[in-house]
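The values are calculated or read from the model by the stated rules, or taken from the named source; none is laboratory data. Values in this document were obtained by computation on a predicted structure and should not be read as measured data. Note: ideal-geometry Cβ built from the backbone for every residue, glycine included; neighbour counts use all protein chains shown.
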Amino acid sequence: MGSVVLSIDAELGWGFADGPMPTDRVEAGRSGWRELVALLDEYNIPATWAIVGHLFLEDCDGRHASHPASPDHYSMERGSLADRPDLRYAPELIDLVRSARTDHEIASHSFSHVLFGAEETTAEVARTELEWAIEVASDEDPMRSFVYPRNSVGHRDILAEWGFEAYRGTSPYELSPLRKLATATVQRPRPKLVQPDIDEYGLVDVPASLYLFGFEGRARRLVSAVRADPIVRHAIRGIDAAARADEGVFHIWLHPNNIVDEAALDRLDRIFQAIHARRDALRIETMGEVARRVGPTQSVPAEQGEQSRIE
């Protein structure tokens, strides 16, 4: 029996901390988060919510002077987001995930959306990002799965050190923009299921299969004018492939801030309907459940200090 896994990169303003913020997506983050919780409850689909740790906070000094990243890393908090606490904090949205009828997994998306695979991200920075993310989470959020910001994989040894069991690896089936257009208009490729794998650190790599909003903008509008939504068609083929398979995972992912209009919500509704309709023929799993099924890992949580360094 194959599996469908849904992971969600929940980051609000932190997803754009290192660059310009697209207004429509930033403003859609909170409403999209609520819409997503409600839609997943409607179809009883559990998801891995990978949440930026800073969103667990209710207040901070905007500087985090003891963080070893560049002094410019938190300049966004004191600049473009200084008067936008709704994009810096989200404890009430996290409570929506915890209290949902569906049993979701709360996972980590780092503390402040640092790119772990970047050359400037040292082991000290990565370790602090994980330590602080674990520290701010509730005791009911064990943080055993990790989604790398921007899918920039790095410092896997430190993930294992801090007791994580799984991470979302990069898709082995990434398409160029031209190939995406061909796939949407001409080709009907067989969706690829991924195989979770245990890496050298005892972590379970659950690679991505399909980003649900990876074909957007003008190209999508042109294709959708003459054909059905290509992402929906491709996703349903992947779900069907998982339902027919003896093993393998169809791992789809998105951000709450992708839900910018009714078309985006309709896309998700149709995909979630398809998952629900085939639930007797496949597993619907979180990343943590995949790790427990494929594992166990050999990682041992690091001891956390008693004194908080988060300011």
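Evaluated against (1) among the β-branched types (Val, Ile, Thr); (2) part of a loop (DSSP other than H, G, I, E, B); (3) modelled with pLDDT of 95 or more, VAL300 falls short on exactly one condition, (3).
Go through region 90-115 and count every residue that is in contact with a helix residue (DSSP H, G or I) (Cβ under 8 Å, 6 or more places away or on another chain), in a loop (DSSP other than H, G, I, E, B) and more than 15 Å from ASP9 (Cα to Cα). Qualifying residue count, region 90-115: 3.
Taking region 70-95 as the range and being loosely packed, with under 15 Cβ neighbours inside 10 Å and among the aliphatic types (A, V, I, L, M) as the test, only ALA82 passes. Selection of region 92-120 for residues being in contact (Cβ under 8 Å) with a residue 24 or more places away in the chain, farther than 22 Å from TRP162 by Cβ and of a type outside the set (Asp, Glu) yields LEU93, LEU96, ALA100, ARG101, THR102.
On the given criteria, is ASP86 acidic (Asp, Glu) and touching a Leu at 6+ places or on another chain (Cβ under 9 Å)? Judged against the criteria, ASP86 is a match.
Here's the yes/no breakdown for (1) aromatic (Phe, Trp, Tyr); (2) buried (at least 20 other Cβ atoms within 10 Å of the Cβ); (3) touching a His at 6+ places or on another chain (Cβ under 9 Å):
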| residue | (1), (2), (3) |
| --- | --- |
| MET1 | no, no, no |
| SER7 | no, yes, yes |
| PRO20 | no, no, no |
| GLY32 | no, yes, yes |
| GLU42 | no, no, yes |
| VAL52 | no, yes, yes |
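Within region 27-70, track down each residue that is among the acidic types (Asp, Glu) and in a loop (DSSP other than H, G, I, E, B). GLU58, ASP59, ASP61 - these are the residues of region 27-70 that are among the acidic types (Asp, Glu) and in a loop (DSSP other than H, G, I, E, B).
Considering region 145-166, the residues that are crowded, with 23+ Cβ neighbours inside 10 Å, in contact (Cβ under 8 Å) with a residue 40 or more places away in the chain and not hydrophobic (A, V, I, L, M, F, W, C) include one that is farthest from SER7 (Cα to Cα), namely GLU165.
Could you check, for region 11-33, whether at least one of its residues is aromatic (Phe, Trp, Tyr), touching a residue at least 24 places away in the same chain (Cβ under 8 Å) and in contact with a strand residue (DSSP E or B) (Cβ under 7 Å, 6 or more places away or on another chain)? Yes - at least one qualifying residue is present in region 11-33.
Of all residues in region 116-138, those satisfying the criterion of being closer than 21 Å to ALA47 by Cβ and assigned to a loop (DSSP other than H, G, I, E, B) are ALA137, SER138. Applying the criterion of being assigned to a helix (DSSP H, G or I) and among the small types (Gly, Ala, Ser) to the residues of region 1-26, the residue that is farthest from HIS276 (Cα to Cα) is GLY13.
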